[in-house]
Each structure stands twice: as C-alpha cells, then as structure tokens.
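Data first, discussion second: the structure below is written as structure tokens.
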Amino acid sequence: MGKRQGRKEALEDMEACGIIGDRGQVTLVARPAVFLDRDGVLIQNREEWAGGSILDIRLLPGAKEAVALLRRKGYLVCIVTNQAGVARGQSTEERQRALNDHIAHNLGGVDGIAMCIHHPDDGCDCRKPKPGVILDLARDLNIDLDASWMVGDMDSDIEAGVAAGCQTVRVSGGDSAHERGDFTCRSLSQAARFIVAVPLVGPSRLQNTTCGAG
C-alpha cells in the first residue's frame, strides 16, 4: 500500500470516529474517566501511614488490577485527593506529591492527579465536596463528565462527583442503605468490574444500588 493510500484510509478512519470533521478540522473526542479518591480507596486511610516511610505504603488489595482494567476498557484514570494536613502543618506538599507519584508508579501509571492542600476553612474551590479538582482535570484532559465516574469512600467524594456531573460509586464495607452514592461496592476492585459492565447512562441517577458480590 502506498503512503498516500495509507494516509487516505487513516483519515477516513479518523473521520468515522469523529476525530476529523467534514471540513477537515481536527476535533479531540472527549473521553470518559474514573476519578479515584486516594486514602481509603487506593491506600489505607492516612492515620495508618502518616508517620511512616512513603516506600512502606502499599496499595490496597486489587487496586492495581482495578486501574489496569479501567484503562484497558478505555477509561482515563485520575486521582483526586484532599490533603488538608499540609495546611495544618502535619505534612508537606512535597511529601504528598512524592506519595502521589509513588502510588501512581505502583499502579502502573495514571492519567492525571489533582490535589487540594487547603484548610477546610479556606473556602477554596478545589477541596471536595466542591468539584474543582475534577473540573480541572476534565478541562486539561478533555474528559466527558457525563460518561465519567467518581469513586470514593467519603460523602465529600460523592458530593464532588455529583457536582461535577459524574455517576458515583461509594466504596465501603458498611451498611450501604445509609451511605450516599449512586452505587455502593466493597472495594475498588469490585467497583471497577461494575463500572465496565454497566452501560453508560449519562446524567441519570440510579440511587443507592449495591454492586454484586465480589
């Protein structure tokens, strides 16, 4: 196949996928994403590691495989985390960034990380339950929020996801009847399998549905 013929077929494929419009302009197609809270979803909650070495921090069981599954199925995977301990003087921004990098490396890579280091009383727009960290990543990575998910273990995670227009999954081993979230799963591993199995339903809300066993 000649270069011109190959280029023609590639352009036709790109047009069919919506990457190139009928006038030849290039359009970046927005992609779905899964936004993951950090502490309690990817690693143990901060009280259990705050004083230890970053190198000793381990992912929760199944986290790496869950992220790999989501990315393999076409989802961007992003970490969104509140770390007010920086503002309180309990940690440093450098340590938190190093921890984020350590987690991302152990996961096999992620597509984006956004962190709020402000105090809850600062009134910033990035601290969950406000959706700032999600909206910033959506803008930077061209994410389709209607087709995206927020996975977290706290009400603030769920509220941030709803405010951003995402569907939400609450990761919890507790009584799902008293917890917020469109869906409830017991682990990120279970949540990932659930997300890739559920057809995208845009902005509709299926309230407080529990994922299947797993």
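Ranked by the mean number of other Cβ atoms within 10 Å per residue, highest first, peptides 129-138, 114-123 order as 129-138, 114-123. Within a Cβ distance under 14 Å of residue 190, other residues only, what is the Lys/Arg minus Asp/Glu net charge? The answer is +1. For a paramagnetic label modelled on residue 90 (point 7 Å from Cα along Cα→Cβ), amide N atoms under 14 Å away belong, within the range 109-123, to 117-121. 3J(HN,Hα) along the range 81-87, derived from phi through the Karplus expression 6.51 cos²θ - 1.76 cosθ + 1.60 where θ = phi - 60°, amounts to 9, 8, 9, 5, x, 5, 5 Hz, with x in place of Gly and Pro.
Starting from the Cα gyration tensor of the range 85-128, take the square roots of the eigenvalues, sort them a ≥ b ≥ c, and report rounded, prolate or oblate (rounded when a/c is under 1.5, otherwise prolate if a/b is larger than b/c, else oblate). Oblate, since a/c reaches 1.5 and b/c is not below a/b. Just to be sure I follow: if Rg is taken over the C-alpha atoms of the range 57-166 and Rh is the Kirkwood radius over the same atoms, what is Rg/Rh? We get a ratio of 0.95 for the range 57-166.
Read the figures in this text as sums done on the coordinates, not as results from a lab. Model, not experiment: these values are computed from the prediction. All Cβ positions, even for glycine, are placed from backbone atoms using ideal geometry, and neighbour counts span all protein chains on display.
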